[in-house]
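Some notes on the structure that comes next.
The values are calculated or read from the model by the stated rules, or taken from the named source; none is laboratory data. What you see is a predicted model; the values in this text were computed from it and never measured. Please note: Cβ atoms are built from the backbone with ideal geometry, for glycine as well, and neighbour counts cover all protein chains shown. Areas reflect the complete protein model, heavy atoms only, side chains present, ligands, DNA and RNA absent. Shrake-Rupley method; radii C 1.70, N 1.55, O 1.52, S 1.80 Å.
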Amino acid sequence: MKQLYIFFISVSLFFVSCSVPPPTTTSVTATSEPGLFATPWEDRSLFKRGLAASDQAVLSKLPQASVYHIEFNIAEDIFHISGTEEVRYTNAEDVPLDQVQLRLFPNILGGEMTVSNLTADGQSITPRLALQDSLLIVPFAAPLAPGQSIVLRMDFAITVPQSVELNYGMLAYFDDVLALAHAYPMIAVYDDEGWNAEIPPQSGDITYADTSFFLVKITAPKNLQVVTAGHVIHSSENGEMQTVQVASGPARDFYLAASLNYEEVSQTFGEITVRSYAPAADKKGSEMALDVAARAIEAFSARYVPFPYTELDIVSTPTLALGIEYPGIIAITSRIYDVDSDYRGAPASIYMESTVAHEVGHQWFYGLVGDDQLDDPWLDEALTQFVTLQYYADEYGPGGEAGFQSSLEARWDGVNRAEIPIGLPVAEYSGQEYGAIVYGRGPLFFVALRERMGEEVFDAFMKEYTETLSWGIATPEILQSLAEKHCACELDDIFNEWVYPHP
């Protein structure tokens, strides 16, 4: 047991659920540049090296997952980007589909994205736009039958906003850092509600995504340190430009960050390498982020299932959130990297540890076990706050657990412990309610559920929940049903008390 050198404060620590190294460090250089878009859609071999041995079998188990081939060309000014996307979409539903819908998120994140030259299986097609040009609706000439696939190809251009005013600056070029989130035409989820598409609130996450595979080629100025999800499969330089190709998947999204000022520190344990990127002046904070992430991976791998990837990257960005998670990469706000100073009246190191542990926890709950982050944010945010509580218990014993739990209670105190359901959509919380309920009361529900079920039964339930839903989508009904199976009891009363809207 480690001595607890931290304290918890009654401020609202706000997490938002939410990496390509330079060619001279961790890239794999080939003698000639492979044709990325020539890779057969069924070829999963390029993804194997990025997966832990325990997860490589999944490559043959997701035949209907979408496959993206994306090219990003980052201009010298960094905030103008052009590209091409080919994506094979397979109808995984039991009904024919007469269209597919894709999200153009830059158009509601303060930037601009345009799409041109759209084809479906080689035939030119005219789409229509909706939701403030953030939804691209692509009609099919004939309905796409269940199990049938179609290949969409399109060119796109992006102007990245040079501010962090919208959605915490998840998409921005600011303070010499490019944060490129959700910056490609992304296929929306089709579920029992049909196509899921809406304008997301400013206070929460913006995506709800199925598991996919990504082969991505990035061309950028060669002095730009580019950090992406996934692992490098090829890199080269040509004059003043560099080209990096990466494979990422299975994954729900693709993210990259880039800066002229990033320096890398890294740590390898077992088959996992963690890399941390920040300016040289923030090296101490970068090293702390690295250490916390490594410890969190070990703790969560033991409690749930092994970490699925062979790499995790951490990037310092100017985001207004404390942290944002993406599959295989997490962004941490640059404001807490001076870990010897105070932030919001407390040591910045407190924020650094809790934020990194939280965002690493999202690799399991959002990354592996997906959910509708707009309608059911408690399934990833509240659960990940509980996971963070378990990190403190594992690292520091009962004192650490009690300390972090007191910070959760302090969040809930922000709305005078109002018994607002934790299972509402993000849009139904007002003002301070979202942080107080989803991030404060929400994890306390899991504490109460553990007490009700008994710790041993609860732990077995959480392990099976993670194992059976890995790479899939969870719902509140699935979580409750599995919990009831493990405790051999009915849990309607506790779920009605904490989770579901009151009649």
CD proxy, 222 nm, the chain: helix-only mean residue ellipticity via -39,500 (n - 2.57) per DSSP H run with n ≥ 4, per residue, nearest 500, stands at -7500 deg cm²/dmol
Taking every DSSP beta bridge that has both residues in the chain, what percent is antiparallel when rounded to the nearest 5?
80
How many percent of the accessible area of the chain is carbon or sulfur, using a 1.4 Å probe?
49
For region 227-285, listing GluC sites (Glu not before Pro) in a DSSP loop whose Cβ sees at most 11 other Cβ atoms within 10 Å gives Glu240
Hey, what does the equivalent ellipsoid look like for region 174-275, semi-axes from the Cα gyration tensor as sqrt of 5 times each eigenvalue, largest first, whole Å?
29, 17, 15
Taking the Cα atoms of the chain, what is the range of coordinates along each of the three principal axes, in descending order and whole Å?
58, 54, 41
Whole number in Å², please: accessible area per residue of region 70-161, 1.4 Å probe, ligands, DNA and RNA not counted.
42
Work out the length of the dipole vector of the chain about its Cα centre, built from +1 on the beta-carbon of each Lys and Arg and -1 on the beta-carbon of each Asp and Glu, and round it to the nearest 20 debye.
880
Starting from the Cα of Arg335, step 7 Å toward the Cβ, then list every residue of region 167-207 with an amide N under 16 Å from that point.
167-171, 174-175, 203-204
Report the label-to-label distance for Ala280 and Glu477 in nanometres (one decimal), using points 7 Å from each Cα along the Cα→Cβ vector.
5.8
Hey, with R₀ at 30 Å, roughly what FRET efficiency would Asp191 and Thr114 work out to, going by the Cβ-Cβ distance, to 0.05?
0.60
FRET efficiency for Gln267 and Glu165, Cβ-Cβ distance as r, R0 = 51 Å, nearest 0.05?
0.90
So how far apart, in nm, are the two label points at Asp133 and Val151 if each is 7 Å from Cα heading toward Cβ?
3.0
Please work out the FRET efficiency for the pair His80 and Tyr500, using the Cβ-Cβ distance as r and a Förster radius of 56 Å; give the result to the nearest 0.05.
0.75
